[in-house]
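Undergrad: The structure is given below, and queries will be raised subsequently.
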Amino acid sequence: MKKIIIIGGGAMGSAFTIPCLENNNKVTITEPYSKRFIKDLSSKDKFHSALKVKLSKKLKFRKFSKELLKEKFDLIVIALSLSGIDFIGKELKNLKNKTPILVLTKGLKYEKKDKKISTISEQLKNKYKSINVSVLKGPCLAKELARKNQTSVVIANKNIKIAKSIGKTISTKYYLTEYSRDVIGVEVCSAIKNIYAMIIGAGQSLNSSSNLFQKSILEMKYLIKYFKGKDETISGLAGVGDLYVSAAGGRNSKMGSYLGKGFTFKAAKKKFMPNDTVEGEQLAREIAPFIFKKIDKKKIPLMINFLKTIIGNKKLKIKV
Ligand SMILES: NC(=O)c1ccc[n+]([C@@H]2O[C@H](COP(=O)([O-])OP(=O)(O)OC[C@H]3O[C@@H](n4cnc5c(N)ncnc54)[C@H](O)[C@@H]3O)[C@@H](O)[C@H]2O)c1
């Protein structure tokens with residue numbers, strides 16, 4: 001039995017508590033930001049309003065505080081959105097903690113000062129001095145995990161022993177873990193698939209979306225090589241696995257379908273998805289300055305065209 005703390009009580013952090021508890025760990029969840037999730041998790045019946053399930057009575061909710069992070073845990077799980085990474089990085093930096101950290105958050109950051117793109121694990125290691133960071137990615141809709149639908153994910157760490165030991169702690173019959181040493185490839189794939197899911201969603205028929213799917217894979221291959229990830233990661237869970245689930249049923253592809261119908265991003269957001277976070281759009285804004293400047297435009301025409309559409313709030317014209 002391990003002591004696990006999950007930071008982030010949104011859909012993913014809360015769904016993740018389910019296999020962790022089932023594997024007989026002592027699980028604490030904390031929420032630093034959202035009043036809605038604090039209310040859900042501290043309520044008597046622990047009904048989670050995003051997942052629409054009651055969480056286990058064994059799950060302990062604690063108010064977020066610096067003191068809580070100082071307590072002894074065997075695993076720290078970060079399940080915040082990308083916008084929470086700087087916040088939690090700063091909190092953890094001061095602790096000089098050697099506890100293994102597992103990052104569920106997907107995304108990339110453009111470091112304006114160094115003019116480079118960083119993955120989340122790079123930020124935690126380089127900027128916030130977290131030492132022992134692994135990442136967990138792959139095709140996982142939080143609502144499906146919460147209903148114990150069979151789910152496979154990949155844990156990446158250059159030291160595969162650490163990844164496997166985390167896998168042993170969190171996996172169950174329905175939550176299966178694979179392993180990879182290609183941390184950068186896994187992180188870049190799991191972030192950029194949100195943009196490609198929007199592009200595929202913009203196809204207005206299965207035939208056109210399939211064509212966009214195939215062209216997206218070619219661009220992802222180019223980008224992974226550019227960022228020095230491994231080509232084989234594209235065909236793994238963090239690559240085509242996650243792209244499939246996002247293109248078939250996520251918020252990104254839903255927004256993509258409105259863009260494909262001729263709405264601008266702002267108009268579609270206001271009309272159809274006013275309360276939804278569209279991660280692909282946030283990532284597009286984050287990485288656009290770097291992509292426009294540094295990457296050969298001819299190699300990734302779908303991405304370039306899409307970024308211009310989002311940044312300029314234009315109508316999307318798919319060119320393949
Ligand atoms: N690794 C996986 O298997 C997997 C699967 C699904 C989602 N995810 C990722 O997990 C992350 C969270 O997704 P979710 O579905 O739980 O989203 P959500 O919107 O349900 O929850 C977001 C969480 O981030 C916190 N947050 C938001 N803005 C913040 C800020 N500025 N400062 C601090 N905290 C902030 C919220 O309070 C909440 O805890 C995303 O990056 C998503 O891509 C990972």
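Undergrad: Identify all residues within segment 97-116 that are away from the ligand (no atom under 16 Å from the Cβ) and either in contact with a Lys or Arg (Cβ under 7 Å, 6 or more places away or on another chain) or of a type in the set (Phe, Trp, Tyr) (or both); write none if there are none.
TA: Tyr110
Undergrad: Here's a check for you: in segment 248-264, which residue that is part of a helix (DSSP H, G or I) and under 30 Å from Lys112 (Cα atoms) is most open to solvent (accessible area, probe 1.4 Å)?
TA: Step one: filter segment 248-264 for residues part of a helix (DSSP H, G or I), giving 248-249, 251-260.
Filter once more, keeping what is under 30 Å from Lys112 (Cα atoms): 251-253, 255-256, 259.
Working: Arg251: 118, Asn252: 13, Ser253: 13, Met255: 0, Gly256: 0, Leu259: 1 Å².
Top of the filtered list is Arg251.
Undergrad: Report yes if Asp114 is under 23 Å from Lys137 (Cβ atoms) and either among the β-branched types (Val, Ile, Thr) or without any contact (Cβ under 8 Å) to a residue 60 or more places away in the chain (or both), otherwise no. Before you say what the answer is, go through the steps one by one.
TA: On the way: under 23 Å from Lys137 (Cβ atoms): no; either among the β-branched types (Val, Ile, Thr) or without any contact (Cβ under 8 Å) to a residue 60 or more places away in the chain (or both): yes.
No; evaluated as a whole, the condition is false for this residue.
Undergrad: Here is a list: Glu187, Glu144. Which entry is open to solvent by 10 Å² or more (accessible area, probe 1.4 Å), modelled with pLDDT of 95 or more and either acidic (Asp, Glu) or assigned to a loop (DSSP other than H, G, I, E, B) (or both)?
TA: Numbers: Glu187 fails: open to solvent by 10 Å² or more (accessible area, probe 1.4 Å).
Just one listed residue meets the conditions, Glu144.
Undergrad: Can I ask one more? Given Tyr196, Tyr226, Tyr222, Tyr179, which one is touching a Leu at 6+ places or on another chain (Cβ under 7 Å) and aromatic (Phe, Trp, Tyr)? Before you say what the answer is, go through the steps one by one.
TA: Details: Tyr226 fails: touching a Leu at 6+ places or on another chain (Cβ under 7 Å); Tyr222 fails: touching a Leu at 6+ places or on another chain (Cβ under 7 Å); Tyr179 fails: touching a Leu at 6+ places or on another chain (Cβ under 7 Å).
Going through Tyr196, Tyr226, Tyr222, Tyr179 in turn, the sole match is Tyr196.
Undergrad: Also, quick follow-up: For the structure I just gave you, tell me whether Gln204 is under 22 Å from Lys308 (Cα atoms), in a loop (DSSP other than H, G, I, E, B) and either open to solvent by 20 Å² or more (accessible area, probe 1.4 Å) or more than 11 Å from the ligand (Cβ to nearest atom) (or both). Before you say what the answer is, go through the steps one by one.
TA: On the way: under 22 Å from Lys308 (Cα atoms): yes; in a loop (DSSP other than H, G, I, E, B): yes; either open to solvent by 20 Å² or more (accessible area, probe 1.4 Å) or more than 11 Å from the ligand (Cβ to nearest atom) (or both): yes.
Yes, satisfied.
Undergrad: Got at least one residue in segment 39-46 being open to solvent by 30 Å² or more (accessible area, probe 1.4 Å), in contact (Cβ under 8 Å) with a residue 24 or more places away in the chain and more than 12 Å from the ligand (Cβ to nearest atom)?
TA: No - not one qualifying residue is present in segment 39-46.
Undergrad: Continuing with the same structure: Name the single residue, out of those in segment 1-28 being over 21 Å from the mean Cα position of the chain (by Cα) and not in a strand (DSSP E or B), that is surrounded by the fewest Cβ atoms within 10 Å (Cβ to Cβ).
TA: Only one residue fits best here, namely Met1.
Undergrad: Oh, and also: Scan segment 265-301 for residues that are farther than 26 Å from Gly84 by Cα, in contact with a helix residue (DSSP H, G or I) (Cβ under 6 Å, 6 or more places away or on another chain) and surrounded by fewer than 21 Cβ atoms within 10 Å (Cβ to Cβ) and report the count.
TA: 2
Undergrad: In segment 242-256, how many residues are at pLDDT 95 or above and out of contact with any helix residue (DSSP H, G or I) (no Cβ under 7 Å at 6 or more places or on another chain)?
TA: So the answer is 2.
Undergrad: OK, next. Could you please tell me which pairs satisfy a Cβ distance under 6 Å, a separation of 6+ or placement on different chains, a first residue in segment 14-30 that is more than 13 Å from the ligand (Cβ to nearest atom), and a second residue that is part of a helix (DSSP H, G or I) and open to solvent by 10 Å² or more (accessible area, probe 1.4 Å)?
TA: Within 6 Å, the pairs are Val27/Leu21.
Undergrad: Do the conditions hold for Leu223, that is, is it buried (at least 19 other Cβ atoms within 10 Å of the Cβ), over 28 Å from Asn275 (Cβ atoms), modelled with pLDDT of 95 or more and of a type outside the set (Lys, Arg)? Steps first, answer last, please.
TA: Working: buried (at least 19 other Cβ atoms within 10 Å of the Cβ): yes; over 28 Å from Asn275 (Cβ atoms): yes; modelled with pLDDT of 95 or more: yes; of a type outside the set (Lys, Arg): yes.
Spelling it out, Leu223 is indeed buried (at least 19 other Cβ atoms within 10 Å of the Cβ), over 28 Å from Asn275 (Cβ atoms), modelled with pLDDT of 95 or more and of a type outside the set (Lys, Arg).
Undergrad: Same structure again: Filter segment 68-88 down to residues that are of a type in the set (Gly, Ala, Ser) and closer than 23 Å to Phe290 by Cα and give me whichever is most open to solvent (accessible area, probe 1.4 Å). Talk me through it step by step, then tell me what you get.
TA: Of segment 68-88, the ones of a type in the set (Gly, Ala, Ser) are 79, 81, 83-84.
Okay, now just the ones that are also closer than 23 Å to Phe290 by Cα, so 81, 83-84.
Values: Ser81: 75, Ser83: 107, Gly84: 14 Å².
Ranking the qualifying residues of segment 68-88, first place goes to Ser83.
Undergrad: Suppose we filter segment 54-74 for residues that are over 20 Å from Ser34 (Cα atoms) and of a type in the set (Asp, Glu); how many remain?
TA: Final tally of qualifying residues: 2.
Undergrad: Within segment 50-57, does at least one residue satisfy the condition of being in contact with a helix residue (DSSP H, G or I) (Cβ under 6 Å, 6 or more places away or on another chain), over 17 Å from Val27 (Cβ atoms), open to solvent by 20 Å² or more (accessible area, probe 1.4 Å) and near the ligand (Cβ under 10 Å from one of its atoms)?
TA: Within segment 50-57, one or more residues are in contact with a helix residue (DSSP H, G or I) (Cβ under 6 Å, 6 or more places away or on another chain), over 17 Å from Val27 (Cβ atoms), open to solvent by 20 Å² or more (accessible area, probe 1.4 Å) and near the ligand (Cβ under 10 Å from one of its atoms).
Undergrad: Now, a different point. Take Ser65 and tell me if it is farther than 23 Å from Tyr174 by Cβ, open to solvent by 70 Å² or more (accessible area, probe 1.4 Å) and among the hydroxyl-bearing types (Ser, Thr, Tyr). If you could, list the steps in order and put the result at the bottom.
TA: Numbers: farther than 23 Å from Tyr174 by Cβ: yes; open to solvent by 70 Å² or more (accessible area, probe 1.4 Å): no; among the hydroxyl-bearing types (Ser, Thr, Tyr): yes.
The answer is no for Ser65.
Undergrad: Give me the pairs: first residue in segment 140-166 and more than 16 Å from Ile184 (Cα to Cα) and more than 13 Å from the ligand (Cβ to nearest atom), second residue basic (Lys, Arg) and assigned to a loop (DSSP other than H, G, I, E, B), beta-carbon distance under 9 Å, and six or more apart or on different chains, which are they?
TA: Close Cβ pairs satisfying both conditions: Lys148/Lys173; Gln150/Lys173.
Undergrad: Just one of (1) in a helix (DSSP H, G or I); (2) within 21 Å of the chain's Cα centre (by Cα) trips up Gly229, so point out which.
TA: (1)
The values are calculated or read from the model by the stated rules, or taken from the named source; none is laboratory data. Everything numeric here is computed off the predicted structure, so don't read it as measured data. Virtual Cβ from ideal backbone geometry, glycine too; neighbours counted across all protein chains shown. Only protein heavy atoms, including side chains, enter the accessible area calculation; ligands, DNA and RNA are left aside. Shrake-Rupley method; radii C 1.70, N 1.55, O 1.52, S 1.80 Å.
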